[in-house]
Amino acid sequence: HALMVDSEPSTSNAVEESSAKIPPVRRFVRNQIPDEIANDENLASAMKVLPANYDFEVKKTVWRLKQAQAKTVALQFPEGLLLYATTLADIFQSFADVRDVVILGDVTYGACCVDDYTAESLGCDFLVHYGHSCLVPVDVTRMKCLYVFVDISFDVGHLCACVEHNFAPGSNLILAGTIQFASAIQETRLRLVESYPALAVPQAKPLSPGEVLGCTAPVVEDAKGKDAIVFVADGRFHLEAIMIANPTIPAFRYDPYQRVLTREEYAHKEMRSVRRHMVERAKDAMRFGIVLGTLGRQGNPAILDHLMALMRAKGREYVIFLISEMNPAKMASLHGLDAFVQIACPRLSIDWGEEFERPVLTPYEAEVALDNVSPWWLAVGAAPGEENSPYPMDYYARDGGTWSSSYHKQTGKNGKTKRTPVQIEQTV
């Protein structure tokens, strides 16, 4: 289903007339980078080794490290950015008065994997996490932490040409993508708003506008009136989240590297059928294994506390396991249990659930299995042609359910809890 426009890359920096109709975004800058760093020619020269269209926020990071007087710094990357680790380490040692740099080599799937625990155990006093948004707030991490999104620029003009070639003017479009392309998404919106006045960039707070995670995506209002989702990403993982959350809206993915717009499909009926079967199997389980993921901060203790209370209230026995990465063979070796609940990544269950011998539920599915939450298959569809309400993809959403892992609703600035206590009905 490839839909491509073979146009030359746009080279104009001119702002189209339509952008003038939208008020500019107001930005407030604190701790402005001092001139001796901003205008450092040697630093600028060292940065030329990095790709010009990748914004590693090097000068800002140097300033933050010098401010914190950091001496041992941990750098954490997703695998796609790990090749730039040693270059950045050299820069920080040369220009930020850093003595040692530790490059964390464990796999990093998202900001949920921010590994301040390991960094602390290695004697680091500052952590820089690249490629993901701030899911775990810096006032929660055990050391000073800086998130660098690594904004990636590309030929937005070609994306706009693809949209204009494939969608009639006035179409009701949704524009979203991964955090690396957040700036490009906003620029695309500005360029297309005249031809597509209803074009919307949805937001699932605390994520940025248009940002989608593999486990968290906005539910689009008035889905039946939307013509398509245009999603900017080089893979399907994040796209599938917004497709699961909005199953009736046709989805298209624009790959900024391949410069191709494709129509994407997802087996909604099959996924829901499999997950319902697993939940129903787990309803009769009396002994549960609760897996707390230890890959960075994937495992949220607040959800663990809630699930333990729920298990006790429902008369279920449970055993807690600390596991960094789950796989079918490892789970099969854990005997004497009827089902599992994993507090790590919901997509482990959604994408790979059939590979496990026994049900491996998400926290949401556990609540359904234990009759604490109404199942999605009994709810009314949100749009014509949709059998049930969307399977929830709100794991890090501020307004997510009791199964949500959002730190933003758990603690306030003073460290006190903001999460509403959950009322669990005692079974007789």
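Give me the extension gain from T262 to E280: residue separation times 0.36 nm, minus the current Cα-Cα distance, reported in nm with one decimal.
That pair, T262 and E280, stretches by 2.9 nm at full extension.
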#### Entry: Positive-pole candidate from N246, L192, V230, dipole of the range 171-297, charges at beta carbon
N246
### Message
Is there a quick way to get the dipole size of the chain? I mean about its Cα centre, with the Cβ of Lys and Arg at +1 and of Asp and Glu at -1; what is the value in debye to the nearest 20?
### Response
1280
### Query
Going down the table (K59/K226; K60/K205; K205/K330; K144/K314; K48/K144; K144/K226), which pairs top 31 Å between alpha carbons?
K59/K226; K205/K330; K144/K314; K144/K226
#### Entry: Calculated [θ] (222 nm, deg cm²/dmol) that DSSP helices of n ≥ 4 give over the chain, each run adding -39,500 (n - 2.57)
-7500 deg cm²/dmol
### Query
Any idea what Rg and Dmax come out to for the range 202-260 if you just take the C-alpha atoms, in Å?
11.1, 32
### Query
Of the beta bridges DSSP finds with both residues in the chain, what % are antiparallel, to the nearest 5?
20
#### Entry: Distance in nm between pseudo-label sites at A168 and D338 (7 Å out along the Cβ direction from Cα)
5.6
### Message
Which one, Y257, Y130, Y117, has the greatest fluctuation when you compute a Gaussian network model over the chain with C-alpha springs under 10 angstrom?
### Response
Y257
## Note on the structure
Listed residues I303, I229, I185; largest mean-square fluctuation, Gaussian network over the chain with Cα springs below 10 Å, found at I303
### Message
Can you divide the C-alpha Rg of the range 152-203 by 2.2 N^0.38 Å and report the result to two decimal places?
### Response
1.05
### Query
Looking at the square roots a ≥ b ≥ c of the eigenvalues of the Cα gyration tensor of the range 85-186, which shape do they give, rounded for a/c under 1.5, prolate if a/b is larger than b/c, or oblate?
prolate
### Task
Extending each Cα 7 Å along its Cβ direction at N39 and D97, get the distance between those two points in nm, one decimal.
2.1
### Message
Rounded, prolate or oblate for the range 272-313? Axes are the square roots of the Cα gyration tensor eigenvalues, ordered a ≥ b ≥ c, and the cut-off for rounded is a/c under 1.5.
### Response
oblate
### Summary
Percent relative contact order for the range 274-328, counting Cα pairs under 8 Å at least six residues apart, stands at 46
#### Entry: As computed over the range 286-411, the Cα convex hull volume per residue (Å³)
110
### Task
Between D90, D35, D115, find the one with the highest GNM mean-square fluctuation for the chain; connect C-alpha pairs within less than 10 Å.
D35
### Summary
Rg (one decimal) and Dmax (whole number) from the Cα set of the chain, in Å, equal 23.0, 73
### Query
Under Stokes-Einstein, with the Kirkwood radius over Cα pairs standing in for Rh, what whole-number D in µm²/s applies to the range 163-243 at 37 °C and 0.692 mPa s?
258
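What value in Å³ per residue do you get for the convex hull of the alpha-carbon atoms in the range 222-318?
Once divided by residue count, the hull of the range 222-318 is 156 Å³.
Is the range 150-294 best put as rounded, prolate or oblate by its Cα gyration tensor, with a ≥ b ≥ c the root eigenvalues, rounded for a/c under 1.5, and otherwise prolate when a/b is larger than b/c, oblate when not?
Because a/c hits 1.5 or more and a/b exceeds b/c, the range 150-294 counts as prolate.
Quick note: the coordinates plus some simple rules give every number you see, no bench work behind them. Being a predicted model, the structure only gives us computed values, none of them experimental. When we count neighbours, we look across all protein chains shown, and the Cβ atoms used for this are built from the backbone with ideal geometry, even at glycine.
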